[in-house]
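Okay, structure first, notes after.
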Amino acid sequence: MIPFVNLIGQRNAYKPELEQAERAVFDSGCFIGGPAVSQLEANLAKFCGIGHAIACGSGTEALTVSLMALGIAPGDEVIVPDFTFVAPAECVAALGGIPKFADIDAETLQISPKSVESLVGPATRGIIAVDLFGQCAPYKELREIANRHGLWILEDSAQAFGASVAQSPHLEPRRACTFGDIAITSFYPSKPLGCYGDGGAIFTDDAELARKVRQIANHGSSEHYLHEIVGVNSRLDAIQAAVLNVKLTHFEEELCKRRENAAKYDAFFANVEGIQPQRIAKGNTSTYAQYTLLVDDRNAFIEKLKKAEIPYCIHYPMALHCQPCFGELSHAASATDNLNGANATATLNCASENATLNCATGNATLNCAEVASTKAISLPVCAFTDVDTIIEKLRNVL
Ligand SMILES: *Cc1c(COP(=O)(O)O)cnc(C)c1O
């Protein structure tokens, strides 16, 4: 069976370099932080073109530490996308904040600035924008809204480290992780840049925010055993940094391969009815964390994939406001809708709070996030995936 992400193929390709770097860490006696981690932080900051990169324990911890550094307090509202991994909304809620779920664009699947604007209220403190599936969120519009209302932007680039957005013609494209007041990424093994366990990083150009992040991630301490504020423990292992330093030297090449693979799928699906690839917004390059399609009859498509033995993932089967853990949070106060989000079998009854945000292409009672949750399906696209073979298999079943 073809793996969804070919981590074994990748390890085999870089094995001598990886083994050398791994052995050096094991022999050094320095297992948490240290020179490998400092080197990684410098490499990450240089890669993105940003002042500060701070390694930490995971993408989720990076979100938590960032929110703490931004000063989130109980009752603060934070606008998050309705269609993404749970972590952004989860971290807001875990710190006592209230996630407000913004709808997405029906084609790019990125957070909708119009929906964000409609959710801004007196308790709104910031926006968490997710660079979904590997392309950057619409930061130009989001920044405009943030500036107008005095909000911060936290960029969740867990899936998009390495993505870029074209600037004016005489400027270099701008990298993901530089658009938020603070940004995060994840090194979970299956992410575009992954390690061999949990890992993450936080990015900012603001020296004071960077100092706070380091302090919070180190038990609220800048000086040994002096704890000025309540913090957490979020550190990166040296072994993970060593692996990432090796993988980073091959990363640009891998991104090219991912884009080549995605272009092959694009060409193939252009002639298949009822199937639309996620649209990549003009000027954006995607990391293709996965290659995501919107399929009108997803169940029938899944049967064909099974027959052809092609692996797939469903990112994400439910809009976040429909998740049982957020049912009460986001909808207890709403008397006018017939919401049933707490019931996992009733995904489709979880109607949009705001009728004007309904997805033009979908059922009138569903928002775009809900429509996407019924249509989205992802195929393997990593640099070590043989997409030609997958397309041959698809040709035989479609
Ligand atoms: C993977 C992911 C995270 C969490 O990262 P971990 O390292 O697994 O904690 C957060 N946000 C998004 C959008 C993700 O895809």
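Dividing the convex hull volume of the alpha carbon atoms of the range 160-231 by its residue count gives 111 Å³ per residue.
Distances between placed amide hydrogens fall under 5 Å for I98 paired with G75, D76, E77, V78, all partners being 5 or more residues away or on another chain.
Here the range 148-276 is treated with +1 on each Lys and Arg Cβ and -1 on each Asp and Glu Cβ, and its dipole about the Cα centre works out to around 100 debye. Dipole size of the range 1-68 about its Cα centre, with +1 on Lys/Arg Cβ and -1 on Asp/Glu Cβ: approximately 140 debye, rounded to the nearest 20. Stokes-Einstein diffusion for the range 138-185 at 25 °C, viscosity 0.890 mPa s, with a Kirkwood radius from C-alpha pairs, works out to 215 µm²/s. In the chain, taking the dipole from charged Cβ atoms about the Cα centre, the farthest positive-side position among L67, A242, S186 is held by A242.
Restriction of the chymotrypsin sites (Phe, Trp or Tyr not before Pro) in the range 1-33 to DSSP coil positions whose beta-carbon has at most 16 other beta-carbons within 10 angstrom yields F31. What share of the DSSP beta bridges in the chain is antiparallel, in percent to the nearest 5? That works out to approximately 65 percent antiparallel.
Which of A13, A217, V78 sits farthest toward the positive end of the charge dipole of the chain, with +1 on the Cβ of Lys and Arg and -1 on the Cβ of Asp and Glu? Projecting each Cα onto the dipole axis, the largest value belongs to A13.
Rounded to the nearest angstrom and listed largest first, the equivalent-ellipsoid semi-axes of the chain from its Cα gyration tensor are 32, 29, 18.
Of all DSSP bridge pairs formed entirely within the range 25-129, close to 10 percent run antiparallel. Only protein heavy atoms count here; on that basis, with a 1.4 Å probe, D388 has an accessible area of about 80 Å². The dipole here belongs to the chain: it is taken about the Cα centre, uses +1 on the Cβ of Lys and Arg and -1 on the Cβ of Asp and Glu, and is about 560 debye.
The values are calculated or read from the model by the stated rules, or taken from the named source; none is laboratory data. Computed from a predicted structure; not experimentally measured. Here the Cβ is made from the backbone with ideal geometry for all residues, glycine too, and neighbour counts use every protein chain on show. Each accessible area value is taken on the protein alone, full model and side chains, heavy atoms only, with ligands, DNA and RNA left out. Shrake-Rupley method; radii C 1.70, N 1.55, O 1.52, S 1.80 Å.
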